Amino acid sequence: MFTLPSITRGSRLAAGVALAAAAALALSACGGGSGTGTPGASGSGGGGGGGEKIAVTLITKTSTNPFFIAMQEGAKKAGADNGVTITTAAGKADGDETTQIAAIEAAVARGDKGILITPATDGVNPAIEAARSAGLFVIALDTPPNPPSTVDITFATDNFKAGELIGKWTAGTLAGKKANIALLDLFNDKVASVDYNRDQGFLTGMGIDVKDKTKNGDEDKDGKYTGGKGGDYHIVCNEPTQGAQDAGKTAMETCLAKSKDINVVYSINEPSGVGAASALQDAGIKGAILVSVDGGCNPGITSVKSGVIGATSQQYPLKMAQLGVEAIAKLAKTGEKPQVTPGLDFFDTGVALVTEKPVDGVESIDAAKAEAICWGSK
């Protein structure tokens with residue numbers, strides 16, 4: 001799970017300047033939000049009102065997941081409101097470090113003021129550090145790097161808390177029944193903090209000892225969970241989904257091949273959860289508790305309303321991007337840097353548990369309320 005390409009910071013950036021120049025030409029040709037994974041330029045705002053031109057690049061993991069589409073929308077709106085030119089870029093798939101690194105280097109070559117990035121993995125850290133050395137202000141969104149000091153600041157959900165909320169809800173919903181658990185993670189060959197934080201938060205919420213909170217899969221496969229009324233548990237599988245619906249279905253099918261007794265499914269995000277639900281339906285399994293994280297209007301909240309997903313933790317990516325753009329604009333205009341939330345090493349953009357079946361002692365909102373604030377747009 002931990003194989004990452006090595007990158008020499010100085011030589012990597014130098015070698016990337018020529019690539020960045022070529023990429024910059026491609027940017028003007030292909031436009032923003034192409035969905036191909038190639039960095040795309042999208043103008044939003046016209047600079048700093050006659051002063052210093054402020055340019056920011058938003059680099060997401062993909063341009064197809066609704067979560068990251070919302071980030072792009074939030075950044076463009078904030079750019080228009082704050083006189084900031086926004087360039088968007090995205091990986092071809094979750095975990096695509098190469099495209100993200102090229103986009104970072106292109107931002108440096110353009111002379112951007114800052115970068116907003118949802119890091120694909122820790123493999124992009126050297127490129128981020130090189131960008132900061134070149135004078136760019138780098139903000140991570142949603143996925144804090146490891147270590148957090150790799151970036152200037154992170155604007156994110158507390159992903160461990162997001163996982164913990166759905167874990168507590170699951171334990172309460174089980175009401176003492178044995179939990180046969182399928183864990184549908186993001187990767188099994190790369191490391192991303194959002195992956196282990198959600199997985200380990202979920203198990204912690206269930207009341208299962210996770211041992212190392214930064215590592216998926218090292219907890220005991222059998223034992224007792226102490227959440228809710230408490231009971232026995234068995235972990236059937238940890239399978240990667242790449243955060244995608246089709247891979248989520250495949251991962252769930254792999255788990256079902258090991259056991260048809262699965263009655264609890266944790267999914268890294270809602271697309272993978274919907275894929276898992278399809279596999280459960282195909283296998284004729286009814287009544288399994290399926291939980292997830294993201295809280296988007298579709299497929300997230302619609303899946304909660306229909307009962308496909310029992311509970312999800314809602315995040316606010318549009319808000320993350322808006323706050324990030326505003327922070328860089330303020331830094332450029334006043335020199336004032338954003339600050340972390342007291343007691344944390346990042347700025348917490350909030351999280352809420354969404355379910356139509358509340359559990360005593362676990363604070364939640366219903367789907368109607370969640371739908372009204374999808375992605376933090378309202």
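The values are calculated or read from the model by the stated rules, or taken from the named source; none is laboratory data. In this text the structure is predicted, and so the values were computed from the model without any measurement. Note: ideal-geometry Cβ built from the backbone for every residue, glycine included; neighbour counts use all protein chains shown. Remember, those area values only see protein heavy atoms, side chains included, never the ligands or the DNA or RNA. Shrake-Rupley method; radii C 1.70, N 1.55, O 1.52, S 1.80 Å.
Selection of the range 156-179 for residues being open to solvent by 10 Å² or more (accessible area, probe 1.4 Å), on the phi < 0 side of the Ramachandran plot and not in a helix (DSSP H, G or I) yields Asp158, Lys177, Lys178. Pairs linking a residue in the range 198-223 that is of a type in the set (Phe, Trp, Tyr) to a residue that is in a helix (DSSP H, G or I), with Cβ atoms under 6 Å and 6 or more positions apart or on different chains, are Phe202/Gly163; Phe202/Ile166; Phe202/Gly167. Considered as a group, the residues in the range 351-378 that are part of a loop (DSSP other than H, G, I, E, B) and open to solvent by 70 Å² or more (accessible area, probe 1.4 Å) include one that is nearest to Lys319 (Cα to Cα), and that residue is Lys378. Reported count of residues in the range 251-281, each being under 21 Å from the mean Cα position of the chain (by Cα) and of a type outside the set (Phe, Trp, Tyr), is 14. Taking the criterion of being within 21 Å of Gly243 (Cβ to Cβ) and surrounded by fewer than 20 Cβ atoms within 10 Å (Cβ to Cβ), the residues of the range 195-220 that qualify are Lys213, Thr214, Lys215, Gly217. Applying the criterion of at least 1 residues that are open to solvent by 30 Å² or more (accessible area, probe 1.4 Å), in contact with a helix residue (DSSP H, G or I) (Cβ under 8 Å, 6 or more places away or on another chain) and more than 27 Å from Gly350 (Cα to Cα) to the helices (runs of 4 or more DSSP H) found wholly in the range 227-322 leaves 245-258, 270-282. When Pro144, Pro119 are screened for being under 29 Å from Ser272 (Cβ atoms), open to solvent by 10 Å² or more (accessible area, probe 1.4 Å) and touching a strand residue (DSSP E or B) at 6+ places or on another chain (Cβ under 7 Å), only Pro144 passes. Set side by side, the residues Gly227, Gly207 differ, and just one is more than 23 Å from Pro271 (Cα to Cα) and touching a Lys or Arg at 6+ places or on another chain (Cβ under 7 Å), which is Gly227.
The set of residues from the range 63-91 being among the β-branched types (Val, Ile, Thr) and either at pLDDT 95 or above or open to solvent by less than 10 Å² (accessible area, probe 1.4 Å) (or both) comprises Val84, Thr85, Ile86, Thr87, Thr88. Against the list (1) open to solvent by less than 10 Å² (accessible area, probe 1.4 Å); (2) in contact (Cβ under 8 Å) with a residue 60 or more places away in the chain; (3) in contact with a helix residue (DSSP H, G or I) (Cβ under 8 Å, 6 or more places away or on another chain); (4) among the acidic types (Asp, Glu), the condition Asp152 fails is (1).
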